[in-house]
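**Q** Have a look at the structure that comes next, please.
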Amino acid sequence: MNDVQDATSPGAALGGPVACVSKVELRVACKALLDRDTLNKSDPCVILMVQNQGQWTELDRTEVIKSNLHPVFAKVFTLDYYFEEVQKLRFEVYDIHGTHSIGTRDDDFLGGVECTLGQIVAQKKMVKPLFLKYAKYAGKSTITDLFSKSDPFLEIYRINDDGTEQLVHRTEVIKNNLNPVWEPFKVSLISLCSCDEDRKLKCLVWDSDSRGKHDFIGEFYATFREMQKIGGGSKVTWDCMNPKYKLKKKNYKNSGVVILSDLKVRANRYSSCSVAIDFTASNGDPRNSCSLHYINPYQPNEYLKALIAVGEICQDYDSDKRFSALGFGARIPPNYEVSHDFAINFNPEDDECEEIQGVVEAYQNCLPKIQLYGPTNVSPIISRIAKLSAGEETIKDASRYHILLILTDGVVTDMADTREAIVRASYQPLSIIIVGVGNADFTDMQILDGDDGVLRSPKGEPVLRDIVQFVPFRDFKTASPAALAKCVLAEVPNQVVEYYSHKAICPMPPVPSCDSPTSLANTPTESLPAVGTTA
């Protein structure tokens with residue numbers, strides 16, 4: 001069993017701790033299962049159960065794989081992982097006999113195993129024997145075999161760095177067809193090739209059998225880079241080879257040809273400029289005119305002034321003019337739990353807003369729906385954006401760079417975690433701008449800026465480069481919005497150059513087009529990349 005984590009940093013409410021929750025993906029495979037069938041092998045399915053208040057309940061189940069004692073299931077279980085809780089899991093394997101509900105009297109229990117989610121997370125990959133002590137049912141059934149000429153299906157496996165293979169996709173079976181056309185399917189680049197365009201993909205073609213005794217037709221190897229050669233009316237083809245036939249048959253050419261007839265690459269939209277807004281209780285009740293979040297129809301508050309001043313500059317260098325708009329320090333619907341990283345449009349699948357005006361509207365619509373709380377923890381959002389930026393490291397040109405704008409009314413509570421997050425982020429194509437709103441004492445925030453010395457993590461590790469610029473908004477209250485923007489953005493061009501110089505990546509050549517994005521600034525020796533340019 002493997003797990004894939006997307007952890008967020010823990011936060012703490014004003015009165016006590018807040019649960020730290022992560023999403024964990026589990027993939028399951030079995031080896032050497034019991035063969036309970038008389039005429040053929042078992043048809044296994046795995047049921048995942050969780051314990052709640054002493055009672056076991058089914059959470060989810062895999063698909064049924066016909067006649068296979070060593071199944072690799074395509075189903076991915078997704079669970080919430082709480083570091084501070086003991087989350088007991090039970091995996092039960094059944095030999096399925098029919099289309100009725102799994103686990104009934106007609107199904108054979110092949111074994112079960114119990115563990116905790118924490119054990120899986122700690123070990124990354126867990127192998128445990130199955131035990132029969134949970135067996136409840138026994139029974140036999142007769143399976144009727146159906147025969148056909150050729151019922152092909154395709155499997156795609158990603159070959160990992162350690163040589164292991166991970167099932168990425170299994171197509172549907174096309175019945176009785178020597179020229180199958182499989183349905184289009186979607187898969188993320190992370191799942192397909194770990195965002196490595198040259199990673200080998202092992203593709204297997206099988207002739208399906210109703211009993212699960214699939215006949216091997218052939219295999220081929222591909223890469224995502226090869227797949228992208230499609231276009232201009234041309235298709236990408238691979239010879240499907242059966243090694244056994246290749247050795248035995250003198251004139252063997254292939255066992256067929258697999259054709260990629262269409263490929264559409266849809267980039268997950270990300271914002272080169274992300275905004276994080278402080279919704280802690282220290283800002284004051286938004287309904288009160290003294291609040292820093294008070295919406296005055298005639299005069300924008302300090303949050304809006306800072307947001308508009310900086311955002312209007314940044315959006316000129318954003319290829320799609322979309323901003324990731326996030327909030328922290330509030331209780332949010334529907335359960336009103338404290339969050340230090342939430343989408344202010346309440347759409348976690350797409351937290352972006354159209355241009356800076358879209359962020360303003362989302363901010364104004366968000367305020368009546370949340371409860372200002374605390375504390376002022378910014379490390380979760382910094383870590384999130386740094387992780388997003390890290391995904392761009394496989395791109396070998398100077399075309400991607402991120403800016404995170406944090407608006408806060410006080411000194412951050414998680415200073416140690418924030419310093420650690422900034423040190424980690426200094427290795428990524430990212431700059432962080434922090435604007436202090438209100439009249440708080442921001443002396444400690446100057447530490448993050450690094451202008452008076454090198455910022456270090458709590459363990460003493462220095463930043464690779466200075467990526468933080470902190471400015472109190474009160475210093476620009478009487479100045480023009482342009483003055484604030486100029487001050488907070490002044491260091492960004494050098495930060496961009498420092499990053500790509502460290503990576504030994506040359507500047508991109510200018511594109512001779514009136515519609516092409518311009519650079520962040522003019523420098524004597526280099527032309528800077530356009531922020532957020534997408535391929």
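The values are calculated or read from the model by the stated rules, or taken from the named source; none is laboratory data. Remember, it's a predicted structure, so these values are computed and weren't measured experimentally. Glycine also receives a Cβ, built like all others from the backbone with ideal geometry; neighbour counts cover every protein chain displayed. Remember, those area values only see protein heavy atoms, side chains included, never the ligands or the DNA or RNA. Shrake-Rupley method; radii C 1.70, N 1.55, O 1.52, S 1.80 Å.
**Q** Before anything else, pin down the relative contact order of segment 152-260: Cα pairs under 8 Å, at least 6 apart, normalised by residue count, whole percent.
**A** 20 percent
**Q** Related question: List every residue whose amide H lies under 5 Å from the amide H of ALA276, counting only residues 5 or more places away in sequence or on a different chain, with H placed 1.01 Å from N in the peptide plane.
**A** LEU326, LEU405, ILE406, LEU407
**Q** While we're looking at this one, here's another question. Let me make sure I get this right: for segment 152-260, a, b and c are the square roots of the gyration tensor eigenvalues over alpha carbons, sorted descending. Under 1.5 in a/c it's rounded, otherwise prolate if a/b > b/c, else oblate. Which is it?
**A** Since a/c stays below 1.5, the shape of segment 152-260 is classed as rounded.
**Q** Follow-up. Note down the magnitude of the dipole of segment 166-301 about its Cα centre, charges +1 on Lys and Arg C-beta and -1 on Asp and Glu C-beta and zero elsewhere, to the nearest 20 debye.
**A** Dipole size: approximately 840 debye.
**Q** Let me ask another. Taking the simple approach of a point 7 Å from Cα along Cα-to-Cβ for both ASN347 and TYR252, what is their distance in nm?
**A** That separation, rounded to one decimal, is 5.3 nm.
**Q** Under the classification rounded if a/c is under 1.5, otherwise prolate if a/b is larger than b/c and oblate if not, where does segment 272-503 fall, given a ≥ b ≥ c as square roots of the Cα gyration tensor eigenvalues?
**A** Cα axes put segment 272-503 in the rounded bin.
**Q** Does a label point 7 Å from the Cα of ILE159, set along Cα-to-beta-carbon, have any residues of segment 203-225 with amide nitrogen under 11 Å, and which are they?
**A** Counting only backbone N, you get 203, 220-223.
**Q** While we're here: Got a sec? Charge dipole of segment 152-260, +1 on Cβ for Lys and Arg, -1 for Asp and Glu; which of LEU167, GLN228, PHE216 is way out at the positive end?
**A** So the residue we want is PHE216.
**Q** Hey, another quick one. Suppose each label sits 7 Å from its Cα in the direction of the beta carbon; what would the ALA390-ALA440 distance come out to in nanometres?
**A** Taking the two extended label points, one gets 2.7 nm.
**Q** Pulled fully out, how much extra length does the chain show between LYS264 and ALA122, if you take 0.36 nm times their separation in residues and subtract their Cα-Cα distance?
**A** Full-extension gain reported as 47.4 nm.
**Q** Between Rg and the Kirkwood Rh of segment 337-435, both from Cα atoms, what is the Rg to Rh ratio?
**A** 0.98
**Q** Here's a follow-up. Take the alpha carbon gyration tensor of segment 419-468, find the square roots of its eigenvalues, order them as a ≥ b ≥ c, and report rounded if a/c is under 1.5; if not, report prolate when a/b exceeds b/c, else oblate.
**A** prolate
**Q** What is the extension gain from TYR336 to ASP60, computed as 0.36 nm multiplied by their sequence separation minus the C-alpha to C-alpha distance, in nm to one decimal?
**A** 96.7 nm
**Q** Accessible area of segment 272-503 with a 1.4 Å probe: how many percent of it is carbon plus sulfur?
**A** For segment 272-503, the apolar C and S fraction of the accessible surface comes to 49 percent.
**Q** Evaluate the distance, in nm, between pseudo-label points positioned 7 Å from the Cα of GLU312 and of LYS229 along their respective Cα→Cβ axes.
**A** Each label point is offset 7 Å from its Cα along the Cβ direction, giving 5.1 nm.
**Q** Ok, one more. Using a cut-off of 23 Å between alpha-carbon atoms, which lysines can reach LYS369, once sequence neighbours fewer than 8 places away in the same chain are excluded?
**A** The reachable lysines, counting only those whose Cα sits under 23 Å from LYS369, are LYS305.
**Q** State the extension gain, in nm to one decimal, for the chain segment bounded by ARG465 and GLU197, taking 0.36 nm per residue of separation less the distance between their alpha-carbons.
**A** Gain in length upon complete extension: 93.6 nm.
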